[in-house]
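Take a look at the structure set out below.
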Amino acid sequence: MKDLTPPKHTLDPIEIASRDEIEALQLERLKWSLLHAYTHVPHYRAAFDAAGLHPHDLRSLADLAKFPFTVKQDLRASYPFGMFAVPRDQVKRIHASSGTTGQPTVVGYTENDLKHWGGVVARSLRAAGMQPGDLLHNAYGYGLFTGGLGIHLGADALGLTTIPISGGMTPRQVRLITDFEPKGITVTPSYALSILDEFAAKGVDPRTSSLEVGIFGAEPWTNAMRHEIEQAFDMHAVDIYGLSEVIGPGVSMECVETKDGLHIWEDHFFPEIVDPVSGDPVPEGEMGELVFTSLTKEAFPIIRYRTRDLTRLLPGTARSMRRMEKVTGRSDDMIILRGVNVFPTQIEECLMATPGLAPHFQIELTKPSRMDQMRVLCEAADGSVDTALAANALGGQIKQSIGISVAVDVAAPGSVARSQGKAVRIIDNR
Ligand code: DLL
């Protein structure tokens, strides 16, 4: 794999500024953001008033912890535009979550917000090793989902040539990668695996493709999966994180030269980690729920938003800004099986460590009696694999590393439902 480290002079100065400089900027912006939200969004005014707080009560970054959290339900309660802090005609773009689990969450962007979003995504793409003039194959879905259009905005800001293919039509993805020879691909890790299957079906070796870097996010994935994808494509695989409520992709990004967790673009998004149950801040470096406050957003300021994503904060390395560890999973996706907490990413790790299995899987939950049961549905890497032996091996691996007994079904290659965007990992039949 080529060294894609971006030259230092191409970075935004704030990426490598001193901590003092970053924190001074954060404090100034945080004061503005709290006041902006309080002044223009009835929800924030009511929530701050109820807590007996005024934005002027924030004198240090640590004071933020006194302010009330915002949760998804608050956003749903003000559907569709109640959380907007500017008149509707100043909102230049609207995105929304799919709403499969309830009312969709609607977010908006002013002209300035779009500029900032493009800026942080451009920074992210550069951190992945993309340089002005490079060709990008953007296979995140276009539409209300922030993935496709968010990456596109950043690619324009960085000066890339973008192929806006979106998700789906997998044979065409492979054809265009082969014919157009992009340097980078932006795609969910699970859809990258579907594209990989298609390379195999076409008899093309993905290692011979032009791709030098894959920028994967929108769902949790493990370092074991990184290794698998890097080997399969002979390219770097880096992690990009974000969520619509905070802006979309580009909240944090892994640097290609270190691949050691994701640098949070702290000049725009202020992170905290809290105990998911009590909501109290956890000691520095400990695992907990990620909470974000926007520092510059005009249309949709967000204060202390509970992401439900579990991770920890680490000091900066390739950049001065703090890192977050790869997300283990969402608290909603945590399965409690006979008293043991299990995340799909842990199953992914076990699967990748078991020879003879393809990297596709789903977890089925049932409740045949009083106890929940888990069945891991996966598939053989090829027709020559002894499926009973492989199922045993995976069951053993899960028992050994997670400490739970689960049923394992190893089906024929191609049996597990393929993703075209975010993978559905859990089928809950309880
Ligand atoms: O998934 C934004 C995005 C698009 C990020 C493309 C990266 C690339 P939402 O649809 O609002 O936005 O979903 C946000 O997805 O709270 C996490 O649970 C999960 N997620 C996003 N990125 C990662 C990641 C986009 N790198 C939700 N690792 C978040 C783990 C991720 N989970």
**Asked** Looking at (1) in contact with a helix residue (DSSP H, G or I) (Cβ under 7 Å, 6 or more places away or on another chain); (2) more than 23 Å from Gln420 (Cβ to Cβ); (3) of a type outside the set (S, T, N, Q), which is the one condition that is false for Met225?
**Response** (2)
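For every residue, the table says whether it meets (1) under 24 Å from Ile264 (Cα atoms); (2) away from the ligand (no atom under 16 Å from the Cβ); (3) out of contact with any Ser or Thr (no Cβ under 7 Å at 6 or more places or on another chain).
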| site | (1), (2), (3) |
| --- | --- |
| Ser78 | no, yes, yes |
| Arg93 | yes, no, yes |
| Ala96 | yes, no, no |
| Thr105 | yes, no, no |
| Tyr109 | yes, no, yes |
| Leu114 | yes, no, yes |
| Val120 | yes, no, yes |
| Ala128 | yes, no, yes |
| Gln131 | yes, yes, yes |
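I'd like the full set of residues that are more than 20 Å from the chain's Cα centre (by Cα) and either in a loop (DSSP other than H, G, I, E, B) or exposed (fewer than 14 other Cβ atoms within 10 Å of the Cβ) (or both), limited to region 166-181.
Initially, region 166-181 is screened for residues more than 20 Å from the chain's Cα centre (by Cα), giving 169-181.
Across region 166-181, the qualifying residues are Met169, Pro171, Arg172, Asp179, Phe180, Glu181.
Residue-by-condition table, conditions (1) out of contact with any Asp or Glu (no Cβ under 9 Å at 6 or more places or on another chain); (2) open to solvent by less than 30 Å² (accessible area, probe 1.4 Å):
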{"residue": "Ala17", "(1), (2)": "no, yes"}
{"residue": "Ile22", "(1), (2)": "no, yes"}
{"residue": "Leu25", "(1), (2)": "no, no"}
{"residue": "Arg29", "(1), (2)": "no, no"}
{"residue": "His54", "(1), (2)": "yes, no"}
{"residue": "Ser60", "(1), (2)": "yes, no"}
{"residue": "Asp63", "(1), (2)": "no, yes"}
{"residue": "Thr70", "(1), (2)": "no, yes"}
{"residue": "Phe81", "(1), (2)": "yes, no"}
**Residue list for region 328-371, filter: touching a residue at least 60 places away in the same chain (Cβ under 8 Å), part of a loop (DSSP other than H, G, I, E, B) and out of contact with any helix residue (DSSP H, G or I) (no Cβ under 9 Å at 6 or more places or on another chain)** = Arg338, Lys367
**Prompt:** Picking from Ser209, Ser166, Ser194, which residue would you name as being of a type in the set (Ser, Thr, Tyr), within 14 Å of the ligand (Cβ to nearest atom) and touching a helix residue (DSSP H, G or I) at 6+ places or on another chain (Cβ under 7 Å)?
**Reply:** Ser166
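Across region 389-430, what is the total count of residues that are part of a loop (DSSP other than H, G, I, E, B) and within 16 Å of the ligand (Cβ to nearest atom)?
7
Would it be correct to say that Lys92 is in contact with an Asp or Glu (Cβ under 8 Å, 6 or more places away or on another chain) and surrounded by fewer than 16 Cβ atoms within 10 Å (Cβ to Cβ)? Reasoning before the result, please.
Values: in contact with an Asp or Glu (Cβ under 8 Å, 6 or more places away or on another chain): yes; surrounded by fewer than 16 Cβ atoms within 10 Å (Cβ to Cβ): yes.
Yes, satisfied.
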**Request:** Examine region 291-300 for a residue that is among the basic types (Lys, Arg), open to solvent by 20 Å² or more (accessible area, probe 1.4 Å) and either more than 16 Å from the ligand (Cβ to nearest atom) or closer than 30 Å to Ser124 by Cβ (or both), and state whether such a residue exists.
**Result:** no
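Yes/no per residue for (1) away from the ligand (no atom under 14 Å from the Cβ); (2) within 17 Å of the chain's Cα centre (by Cα); (3) over 28 Å from Asp63 (Cβ atoms):
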site	(1), (2), (3)
Glu219	no, yes, yes
Met235	yes, no, yes
Leu243	no, yes, no
Glu266	yes, yes, no
Pro271	no, yes, no
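Scan the strands (runs of 3 or more DSSP E) fully inside region 56-157 and keep the ones with 1 or more residues being under 26 Å from Arg319 (Cβ atoms) and in contact (Cβ under 8 Å) with a residue 24 or more places away in the chain.
Numbers: elements: 93-96, 106-109, 135-138.
In region 56-157, 106-109, 135-138 are the strands (runs of 3 or more DSSP E) which contain 1 or more residues that are under 26 Å from Arg319 (Cβ atoms) and in contact (Cβ under 8 Å) with a residue 24 or more places away in the chain.
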**Fill in**
When region 135-159 is checked residue by residue, the ones that are closer than 22 Å to Ser209 by Cβ and more than 16 Å from the ligand (Cβ to nearest atom) are Leu135
**Complete:** Taking region 52-62 and keeping residues more than 13 Å from Glu28 (Cα to Cα) and of a type in the set (D, E, K, R) leaves Asp57
**Request:** Quick one: Ser320 ticks every box in (1) open to solvent by 40 Å² or more (accessible area, probe 1.4 Å); (2) over 22 Å from Ser194 (Cα atoms); (3) small (Gly, Ala, Ser) except a single one, so which number is it?
**Result:** (1)
**Request:** Could you list, in sequence order, all residues of region 301-317 that are over 19 Å from Ala127 (Cβ atoms), open to solvent by 10 Å² or more (accessible area, probe 1.4 Å) and not acidic (Asp, Glu)?
**Result:** Arg306, Arg308, Leu310, Arg312
**Prompt:** Is there a residue in region 326-339 that is within 14 Å of the ligand (Cβ to nearest atom), open to solvent by 10 Å² or more (accessible area, probe 1.4 Å) and among the acidic types (Asp, Glu)?
**Reply:** yes
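The values are calculated or read from the model by the stated rules, or taken from the named source; none is laboratory data. All of these numbers come straight from a predicted model, not from anything done at the bench. Cβ: placed from backbone, ideal geometry, glycine included. Neighbour counts: every protein chain shown. The accessibility values were calculated without ligands, DNA or RNA, using every heavy atom of the protein model including side chains. Shrake-Rupley method; radii C 1.70, N 1.55, O 1.52, S 1.80 Å.
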